[in-house]
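Below is one structure, written out as structure tokens, with a few remarks after it.
The values are calculated or read from the model by the stated rules, or taken from the named source; none is laboratory data. No experiment lies behind these values; they were computed from the predicted model shown. Here Cβ is always computed from backbone atoms with ideal geometry, including for glycine, and neighbour counts include all displayed protein chains.
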Amino acid sequence: MLEELPRVYLAKLLEDNPIIKKVRNTVLNFRRLMKQKEGDKFAAKTNRKLLTPSITLSPKATVSSANSVAEDFTNLVKYTVNAEDGTTQIYTVVVDVKFSSEKVISAFKFSGLNPEVLSTIDQTTGNITFTVPFGTNLKTLVPTITLSNLATVSPLSGVSQDFTCHF
């Protein structure tokens, strides 16, 4: 029967369906709270164990979980919406994490050198070059490394390293 209905009528029928409205409101309010758009993913540093959804229901509907209470979204979270007429709808919320692929060293310098030495960073080859003053102890240099957002580096920035060449 539904296959025979024109698409516009079917869309209007679905749009007017109170359960569909509840789903739309639930999803939209959850996204609005998290400042996300459809298809967006959460930043990798988002603590999915403590997200607090804001669920808006039709006036006489109830939801299986307490509204505006922090939930653990590291796994799927299911909500059951109960309508006044006793019908129910289960909604599954998935929180995807977006990991950054940025891995750029934007600045690299050595603490304690006088005069300060500027580095040359070649992003294509990954080479960083310096010319340090004669007599600089290369075994105890402390690099200060500036990275792209969410990137990490090893060995750590701010920790003494041995920069003698071992060819």
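Out of Val142, Val93, which single residue is among the hydrophobic types (A, V, I, L, M, F, W, C) and within 29 Å of the chain's Cα centre (by Cα)?
Going through Val142, Val93 in turn, the sole match is Val93.
Within the range 105-122, restricting attention to residues that are surrounded by 12 or more Cβ atoms within 10 Å (Cβ to Cβ) and of a type in the set (Val, Ile, Thr), which residue is farthest from Ser64 (Cα to Cα)?
This residue is Val117.
For the subset of the range 128-164 comprising residues that are in contact (Cβ under 8 Å) with a residue 24 or more places away in the chain and among the hydroxyl-bearing types (Ser, Thr, Tyr), which member is surrounded by the fewest Cβ atoms within 10 Å (Cβ to Cβ)?
Thr164
Determine which member of the set Val69, Val153, Val142 is part of a loop (DSSP other than H, G, I, E, B) and not assigned by TED's automatic domain parsing to the domain that holds Lys49.
Val153
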